Amino acid sequence: VLRVHLVLVPPTTKGKFAELGEGLTPPLGILSIAAYLRARFTDVEIRVTDGLLEGFSQTVDLVSDWKPHIVGLSFNTPVANSAYALFDAIKSRLPESLLVAGGAHATSLPEEVLTRSKADIVVVGEGEAVFLDIVKAVAGMEKFDKRQLYTLNGIAYKDGGRITSNPISTYITDLNSIQFPARDLVDMKKYSGWYLTKKKPETTMLFSRGCAYECVFCSNKVWNVSQPCLRFRSPSNIADEIISLNEEFGIREVFDNSDEFNNSLTHAKEVCRELIKRNLRIPWKTQLRVWPIDDELAALMAAAGCWYVHLGIESASQRTLDGVKKKITIEQAEEACRILKRHKIKILGLFMLFNIWEENDKPVFEGVAESRATLDFAGRLIRQGLLDYMGWSITMPYPGSPLYDIALRHNLIKNGLVGNWDAWLREEFSVINLPGVTDKEIARLKTRGSILRGLAMVRSGGFGLRDAGYILKKVFRIVANEVS
Ligand code: B12
Ligand code: SF4
C-alpha cells in the first residue's frame, strides 16, 4: 500500500502562525485531491496534515514519522519560504520519498520552487488528475525511479540541473466528477470559520472554479493556466454537498469561496432555484463582482438563504477601475449595493489602496488622494446604509497576477523583497516603492481605513465575543504599527 501525505504548509514561526489562525478553514485543495485519488485508486493510504493547526516542527515530525512514499505540499506565496524549509527538513529525514509541490505559488513560479527547494516535482494548475497520474505511475514502478515520471503532463521537474516544464494538462471539465473534499481526513471541529456567521459551525465550499475576468491584481493563476478556465458544478451537486456537510459534520452554514458567484447570472440563478427547491434551511455566504447583478438574482439569493456577500468594489476612481481591468463602473458598484440591500443581504465591501497598473508600457500609480477618496467613498456607502462591513488592503503584486509581471518589468518591488516571501505576510504593508508617497501618509490612511472598518462593524453589529476579540486585536495592531 502506497503512503501519501498531503500537507498545507504553515509559516515557520509561531507569531505568524497566530496571525494566520484567524478564521481558519479546511484546506480544500489537498482535501479535494485526496477525495479524487481515493475514489480512483484503492491501493493507497492518505493522510492530510493542516500545518496551520500543527505548527512547523510538529508538521515535520508527523510527516517524517509516518515515512510516506509521496509527500505533497500545498502553499501560497506568503508561506513559500517555509515550504522550502519544510522540503529541506523532510528530504533530510526521508531521502527516498518523492516530494511534490502544488498550489498558487508553485503554479506561478515552478522554476523558483525547483531551484530553491528539494521538491522533486511541481504540479502546475489544477491538481487532482495530475496527482492521480503521479501516484499511479509510482505504484506501477518495480523500483522507484523518479525519472520515469518526467513524461507526465502538468508537471515541472529538474533533471541534472536543467528545469523542464511539460505541457500543462487540461482541466477537469465536469466538476461533478470530483468527489466532495475528503473532510473526514481532518478534524472539522478545529476550524472556526469566518467571523461573521449566523449559525455555527460553518464551513467553506466551492460552487465553481475559475473566473472569466482578468483583473490586473488577481493572482488566480491556478485557474487560468489551462482551459476551459471557468467551470460550474451542477446546482444539484452543490445542494448535495451542502446536505452531506450537514448530515456528516453537523455543518449549519456554508461560505462559497469560489472566485465570483455571479460569473454567470444564469448559473447563479439556477443554483438559487435548486437550493430553494430543496428547502435546505442552511444559511450561506458568497463572493460577488459588482456586475452583473440584477433584482431577480438578489431576490433568489435571499430566498435561497444567502444572507451575506463579499463585494469587490476596489476603488472609487474610474481611472483606477479601468486601469486594473476590473470591468465595472462606480455607478454599477452603488447600484449593486442598492439591489442587494433591497433584499436585505448584508454586504462586506472590499477595497484596495494604492493600485498600480500599466499604460503605454509605463507603470501608473494610484496616489494618496485617490486612495483617500476610496476610503471616503466606502464611508459614504456605510453612512447611507448601503454597506454593512468593509475590508481594505494595500495592493500586493502576488506572483501569478499580471501585476507581478508589471512590478518585475519596472523594478517596482522594494529591495530584497522578491523571493523574501515571509515579508509579504503582512497584509497592511506595501512591498512596492510608491513614488511620492511617504510612510507617514500610508500610516495615516491605514489608520483611517481601520477605524472605518471598526465603525462599520459596530454600526452593523452581528458579531459576538469572539469577534470583539478580533476587533481588539486589530486595534492593537494598528496602535503598534503607529508606534513603531
Ligand atoms: C480560502 C482562501 C484562503 C484561506 C485559506 C484557507 C485554507 N486553509 O486553505 C485564508 C483566508 C486563510 C487565505 C489566506 C490568504 N490568501 Co487565500 N485564498 C483562498 C481562496 C479564496 C480559496 C482557496 C481554495 O480553497 N481553493 C479551492 C482549491 C480546490 O484550490 P487550490 O487550493 O488552489 O488547490 C488546487 C490547486 O492549487 C492544486 N494544489 C493545491 N495544493 C496542492 C498540493 C499538491 C501536492 C498538488 C499536487 C496540487 C495542489 O490542486 C488543487 C485542486 O485542484 C483562494 C482563491 C481561489 N479561488 O482558489 C485564495 C488565494 C489562494 N489566496 C491568496 C492570497 C494572496 C492569500 C493571502 C496572502 C491573503 C492575505 N493578504 O492575507 C493569505 C495567505 C495565507 C497563506 N497561508 O499563505 C491568493 C494566492 C496568491 C499566491 N500567489 O499565493 C489566492 C489565489 C486569491 C487570489 N486570487 O489572489 N486564503
Ligand atoms: S478579482 Fe474577482 S473578477 Fe477579478 S479576476 Fe479575480 S476573481 Fe475574477
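The values are calculated or read from the model by the stated rules, or taken from the named source; none is laboratory data. For clarity, every value in this text was computed on a predicted model and none was experimentally measured. Here the Cβ positions follow ideal geometry from the backbone for every residue, glycine too, while neighbour counts run over all protein chains shown. For the accessible areas, the whole protein counts, side chains as well, though only heavy atoms, and no ligand, DNA or RNA atoms are used. Shrake-Rupley method; radii C 1.70, N 1.55, O 1.52, S 1.80 Å.
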task = Within segment 38-67, work out how many residues are under 25 Å from the mean Cα position of the chain (by Cα) and outside any helix (DSSP H, G or I).
result = 6
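Restricting attention to segment 315-336, which residues are assigned to a loop (DSSP other than H, G, I, E, B) and of a type in the set (S, T, N, Q)? Break it down into steps so the answer makes sense when it comes.
Looking only at segment 315-336, we keep the residues that are assigned to a loop (DSSP other than H, G, I, E, B), and these are 315-317, 324-329.
The answer is S315, S317, T329.
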Selection count where residues are part of a helix (DSSP H, G or I), under 30 Å from S108 (Cβ atoms) and away from ligand 2 (no atom under 15 Å from the Cβ), scope segment 218-266 = 3
task = Determine whether G349 is assigned to a helix (DSSP H, G or I) and in contact with a Leu (Cβ under 6 Å, 6 or more places away or on another chain).
result = no
message = Looking at segment 159-182 only, could you name the residues that are touching a strand residue (DSSP E or B) at 6+ places or on another chain (Cβ under 8 Å) and either small (G, A, S) or within 12 Å of ligand 1 (Cβ to nearest atom) (or both)?
response = S165, Y171, I172, L175, A182
query = From the list E111, E54, which residue is free of Cβ contacts under 8 Å to residues at least 60 places away in the same chain, more than 23 Å from R3 (Cα to Cα) and among the acidic types (D, E)?
reply = E111
request  = Go over the candidates T204, T197 one by one and state the one that is within 18 Å of L245 (Cβ to Cβ), polar (S, T, N, Q) and within 11 Å of ligand 1 (Cβ to nearest atom).
outcome  = T204
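How many residues are charged (D, E, K, R), in contact (Cβ under 8 Å) with a residue 12 or more places away in the chain and farther than 25 Å from S236 by Cα if we restrict to segment 295-334?
First, the residues of segment 295-334 that are charged (D, E, K, R): 295-296, 314, 319, 322, 325-327, 331, 334.
Subset that is in contact (Cβ under 8 Å) with a residue 12 or more places away in the chain: 295-296, 314, 319, 325-327, 334.
From what's left, farther than 25 Å from S236 by Cα: 314, 319, 325-327, 334.
Residues in segment 295-334 being charged (D, E, K, R), in contact (Cβ under 8 Å) with a residue 12 or more places away in the chain and farther than 25 Å from S236 by Cα: 6 in total.
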task = Give just the number: which of (1) at pLDDT 95 or above; (2) on the phi > 0 side of the Ramachandran plot does E270 not satisfy?
result = (2)
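When you scan segment 51-67, how many residues do you find that are touching a strand residue (DSSP E or B) at 6+ places or on another chain (Cβ under 8 Å), within 19 Å of P26 (Cβ to Cβ) and open to solvent by 30 Å² or more (accessible area, probe 1.4 Å)? Walk me through it before giving the result.
Residues of segment 51-67 touching a strand residue (DSSP E or B) at 6+ places or on another chain (Cβ under 8 Å): 51-52, 59, 62-63, 66-67.
Then drop every residue that is not within 19 Å of P26 (Cβ to Cβ), which leaves 51-52, 59, 62-63.
Going one step further and asking which of them are open to solvent by 30 Å² or more (accessible area, probe 1.4 Å), we end up with 62.
Adding up the residues that qualify gives 1.
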remark   = Residue count, segment 367-420, condition open to solvent by 10 Å² or more (accessible area, probe 1.4 Å), within 16 Å of ligand 2 (Cβ to nearest atom), touching a strand residue (DSSP E or B) at 6+ places or on another chain (Cβ under 9 Å) and in a loop (DSSP other than H, G, I, E, B), comes to 1
query = Only one of E96, E126 is acidic (D, E), within 21 Å of W223 (Cβ to Cβ) and modelled with pLDDT of 95 or more; which?
reply = E126
task = For segment 201-217, name all the residues that are within 11 Å of ligand 2 (Cβ to nearest atom) and either of a type in the set (V, I, T) or part of a loop (DSSP other than H, G, I, E, B) (or both).
result = G210, C211, A212, Y213, E214, C215, V216, F217
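Consider S169 carefully, then state whether it is open to solvent by less than 40 Å² (accessible area, probe 1.4 Å), within 16 Å of ligand 2 (Cβ to nearest atom) and within 19 Å of V130 (Cα to Cα). Lay out the reasoning, then the answer.
Numbers: open to solvent by less than 40 Å² (accessible area, probe 1.4 Å): yes; within 16 Å of ligand 2 (Cβ to nearest atom): no; within 19 Å of V130 (Cα to Cα): yes.
No, not satisfied.
To keep it simple, each residue is scored yes or no on (1) within 16 Å of ligand 1 (Cβ to nearest atom); (2) open to solvent by 10 Å² or more (accessible area, probe 1.4 Å).
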residue	(1), (2)
E247	no, yes
C272	no, no
I282	no, yes
L288	yes, no
I293	no, yes
key: Cβ pairs under 6 Å, 6+ apart, first in segment 213-234 and modelled with pLDDT of 95 or more, second more than 11 Å from ligand 1 (Cβ to nearest atom) and not in a loop (DSSP other than H, G, I, E, B)   = V216/W357; V216/P402; L230/N263; F232/H267; R233/N176; S234/N176
inquiry  = Considering only segment 320-328, I want to know if a residue exists there that is open to solvent by 10 Å² or more (accessible area, probe 1.4 Å) and either within 30 Å of N279 (Cα to Cα) or more than 14 Å from ligand 2 (Cβ to nearest atom) (or both).
reply    = no
ask   = In segment 68-82, which residues are open to solvent by 30 Å² or more (accessible area, probe 1.4 Å) and either assigned to a helix (DSSP H, G or I) or out of contact with any Lys or Arg (no Cβ under 7 Å at 6 or more places or on another chain) (or both)?
value = N76, N81
key: Cβ-Cβ under 6 Å pairs, at least 6 apart or on other chains, segment 76-87 side touching a residue at least 40 places away in the same chain (Cβ under 8 Å) and over 16 Å from V418 (Cβ atoms), far side aromatic (F, W, Y) and open to solvent by less than 10 Å² (accessible area, probe 1.4 Å)   = A83/F75
key: Condition met for A80 (over 20 Å from D159 (Cβ atoms) and more than 9 Å from ligand 1 (Cβ to nearest atom))   = no
ask   = For T266, are the conditions met, namely being of a type in the set (S, T, Y) and surrounded by 18 or more Cβ atoms within 10 Å (Cβ to Cβ)?
value = no
request  = Tell me, yes or no, whether segment 90-98 has at least one residue that is in a loop (DSSP other than H, G, I, E, B), in contact with a helix residue (DSSP H, G or I) (Cβ under 7 Å, 6 or more places away or on another chain), farther than 15 Å from V7 by Cα and of a type in the set (D, E, K, R).
outcome  = no
